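Shown next, in structure tokens, is the structure this report addresses.
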DNA sequence: AGATATTTCCATCAACTGATGGAATCATGT
DNA sequence: ACATGATTCCATCAGTTGATGGAAATATCT
């Protein structure tokens, strides 16, 4: 019966969930094309056919990974929104930067997967994009750049995207940037947060 | 004789140069793994073996592409440096943003190829990175964030990287961002420049 | 225990990819 | 015209990849 298979993801020890975890890590580390179904199966310690039994095509598994991180990000954004309520804009920006950096530094594959999505052609067979568009308006409102979800200006959207991109890039590019700064991982996280605040806070708070 | 083959790149009509041009476009559009040597050969209208005759392994051709854009970027940075001389910091930032945006919008594959490089594992067989690290110090000096090439602080480097990343992301992510802003390509370029200036100028000019 | 359904693995397939050898073609210099 | 070297294409190879059929193993239920 299918119901059992659908609920399998709830249990992290289930085979379907274990495959998803391995796929998420490897897709995030290598991208879609440089990750083979055999690599994922090997990481779990199973045969490729078992992977296909649980997830069908490779594209379906990838879509499953994106759906999972999509939920995670949405939850994180809601947390940001909640924690931002009632504080001034400067603090709101600092909270958002700290929370998103902490989350992404502990889940670096998420940043990679989102950025990988930027490159994928729109005319591809399957739509695999993380639905970022929907969040943008919410953040713009949470940050006080707009009041109504339907009334977010192009400028406001662009500014949110710029912030969002900066965070993602510093996380995804760590292996590239950190050596040229010659600092340890912990310091890197601090420098990233500090830099983001240095750049973003004045832009949004100066009148 | 080898000298003829080495000089072949000077002439844009030479087979070696034509292959390089096609490779640059396709690698930039699809990434390394999703671009086959047959795709590149087909774009030029030749057989795969002719491609290998001129460039050897696929990795060598990719390295050739990166070397070419590396030179281009270096020249562009020098132009920025030259045009920035003698003007105040605010104008310097605006000049840098305008020049780099114009360049990258007319060569979008460059932004893609640099960002693709961020994801490539450091332990891979061949080093294929565009040498960004070297430019960072130069820009920091040109922007007045440091005076001596050896004395660029971690903070200054991080701030330059943040700027650089923002530009790259807006270019590479156009097909992703523009639909959600619902504007035409020309407006997109304007919004990007405007947003970058909005965010970056206050950060570096407020005292 | 025995029947049934689910899960896993082995063997295998067709398509694709990077790469090469060698024949055929073309260009160049004498 | 001829010889020499450079260039191009055709045929082909071995390795990898996504995917499947079917046997074997395991779990579930009565």
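Read-outs throughout are calculated quantities, based only on the coordinates presented, and are distinct from any laboratory measurement. Since the model is a prediction, treat every value here as computed from it, not as a measurement. Reconstructed Cβ throughout: ideal geometry from the backbone, glycine too, with neighbour counts over all protein chains shown.
Brief remarks on what is shown
- Relative contact order %, chain B, counting alpha carbon pairs below 8 Å whose residues are six or more apart: 20 percent
- Inter-copy label distances at residue A:67 (7 Å, Cα→Cβ; nm, one decimal): 4.7
- Degrees, to the nearest 10: B:15-30 long Cα axis against longest axis of chain B: 60 degrees
- Values of log10 I(q)/I(0) for the protein assembly as shown across q = 0.08, 0.15 Å⁻¹ run -0.48, -1.53, by the Debye formula with one identical scatterer at each alpha carbon and no solvent.
- Taking a ≥ b ≥ c as the square roots of the eigenvalues of the Cα gyration tensor, an a/c ratio of 1.5 or more together with a/b no larger than b/c marks the stretch B:1-81 as oblate.
- GNM result for chain B, Cα springs below 10 Å: residue of B:155, B:59, B:189 fluctuating most strongly: B:155
- Prolate is the label for the stretch A:42-118, because a/c, from the alpha-carbon gyration tensor with a ≥ b ≥ c as root eigenvalues, is 1.5 or above and a/b exceeds b/c.
- Among B:88, B:11, B:138, residue whose mean-square fluctuation peaks in a GNM of chain B (springs only between Cα atoms under 10 Å): B:11
- Between identical copies, the spacing of residue A:186 label points, each set 7 Å from Cα toward the C-beta atom, reads 5.5 nm from nearest to farthest.
- Debye intensity ratio in log₁₀ form over the Cα atoms of chain B, taken at each q of 0.08, 0.15 Å⁻¹: -0.33, -1.02
- Normalised by the number of residues in the stretch B:126-207, the average gap of Cα pairs under 8 Å and 6 or more apart makes the relative contact order 18 percent.
- CD proxy at 222 nm, helix term only [per DSSP H run n ≥ 4: -39500 (n - 2.57); per residue of chain A; nearest 500]: -24000 deg cm²/dmol
- Sorted shortest first, the separations between the residue A:206 label point and its copies elsewhere in the assembly read 0.7 nm; each point sits 7 Å from Cα along the Cα-to-Cβ line.
- In degrees, nearest ten, helix B:133-142 long axis to first principal axis of chain B (Cα): 30 degrees
- Tilt relative to chain A, helix A:89-106 - C-alpha long axis, 0 to 90 degrees, to 10: 20 degrees
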